[in-house]
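Below: the structure, in structure tokens.
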Amino acid sequence: MFKPTSSLLGGLLWKTPWRISQPQKARQRKRLRSVDRVVDTVSAALQRNGYEAKAVQRWYAEMPREEEMLPKDKYTIFDKKERKYRKGIHKLPKWTRVSQRVNPPGF
Amino acid sequence: MSYFRITLIRSAIGLPRRSSDVLKALGLKRRMGVVFHRVTPSVAGQIMKVKELVEVEEVEKAMTKAELHMSRKPDPGYYVESRA
């Protein structure tokens, strides 16, 4: 029997699930920690050699570390079009390769 | 005088042009490629631009291409006593 589903009627159908899965969350935390580790290594190396870099200082001044972040900020992002202004971080284009840690002021 | 050992872990395909240009400037051409750079603020700034894509270590000495290759080679399991 023919069951009209959106993929049969329209052909290609790609959907991003509403929820982010547990393994995706685990990998997200791993990536956040790896970025923290890179920044720490760079900062320690600069200090040992008596240098400082603006980009590193700015990162420490503005960005929370993985363990300081709230689950809300790790797995969701602000979106003005969304109900309650939050959507899953996996909706963000290239979300596995960009740093998205802080919210706009007031959110 | 120490060096950054920078390994490209994730490719910059589909990312803004800026990221691939920074990788090119660092000399990283493919995933798992390794480059060595002196520890300086300018290199640190470059690493910060692509911090999501690379892994960084601080090392005392830069390895040459041949040394890197040898470090990746597995132990052959034999040694040559004398050449015939």
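Could you please let me know if residue A:46 is in a helix (DSSP H, G or I) and modelled with pLDDT under 95?
no
What are the pairs with Cβ atoms under 8 angstrom where one residue, in region A:8-31, is under 16 Å from residue A:72 (Cα atoms) and at pLDDT 75 or above and the other, located anywhere, is of a type in the set (Gly, Ala, Ser) and not in a helix (DSSP H, G or I)? Sequence gap at least six, or different chains.
Qualifying pairs under 8 Å: A:18/A:88; A:19/A:88; A:20/A:88.
Among (1) at pLDDT 95 or above; (2) out of contact with any strand residue (DSSP E or B) (no Cβ under 9 Å at 6 or more places or on another chain); (3) more than 8 Å from chain A (Cβ to nearest Cβ); (4) part of a loop (DSSP other than H, G, I, E, B), where does residue B:28 come up short?
Of the numbered conditions (1) at pLDDT 95 or above; (2) out of contact with any strand residue (DSSP E or B) (no Cβ under 9 Å at 6 or more places or on another chain); (3) more than 8 Å from chain A (Cβ to nearest Cβ); (4) part of a loop (DSSP other than H, G, I, E, B), the odd one out for residue B:28 is (2).
Which pairs turn up if I take residues in region B:11-33 that are within 19 Å of residue A:93 (Cβ to Cβ) and look for partners that are not in a loop (DSSP other than H, G, I, E, B) with beta carbon separation below 6 Å, at least 6 apart in sequence or on another chain?
These pairs meet every condition: B:12/B:19; B:12/B:20; B:12/B:23.
Kindly indicate the residue of region B:4-15 that is within 9 Å of another protein chain (Cβ to nearest Cβ) and not small (Gly, Ala, Ser) and also surrounded by the fewest Cβ atoms within 10 Å (Cβ to Cβ) among those meeting that condition.
B:9
Can you go through B:42, B:71 and tell me which one is surrounded by fewer than 16 Cβ atoms within 10 Å (Cβ to Cβ), farther than 22 Å from residue A:100 by Cβ and either within 14 Å of chain A (Cβ to nearest Cβ) or in contact (Cβ under 8 Å) with a residue 60 or more places away in the chain (or both)?
Just one listed residue meets the conditions, B:42.
The values are calculated or read from the model by the stated rules, or taken from the named source; none is laboratory data. As the structure is a prediction and not an experimental result, all values here were calculated from the model. Cβ coordinates were reconstructed from backbone atoms using ideal geometry, including for glycine residues, and neighbour counts include every protein chain displayed.
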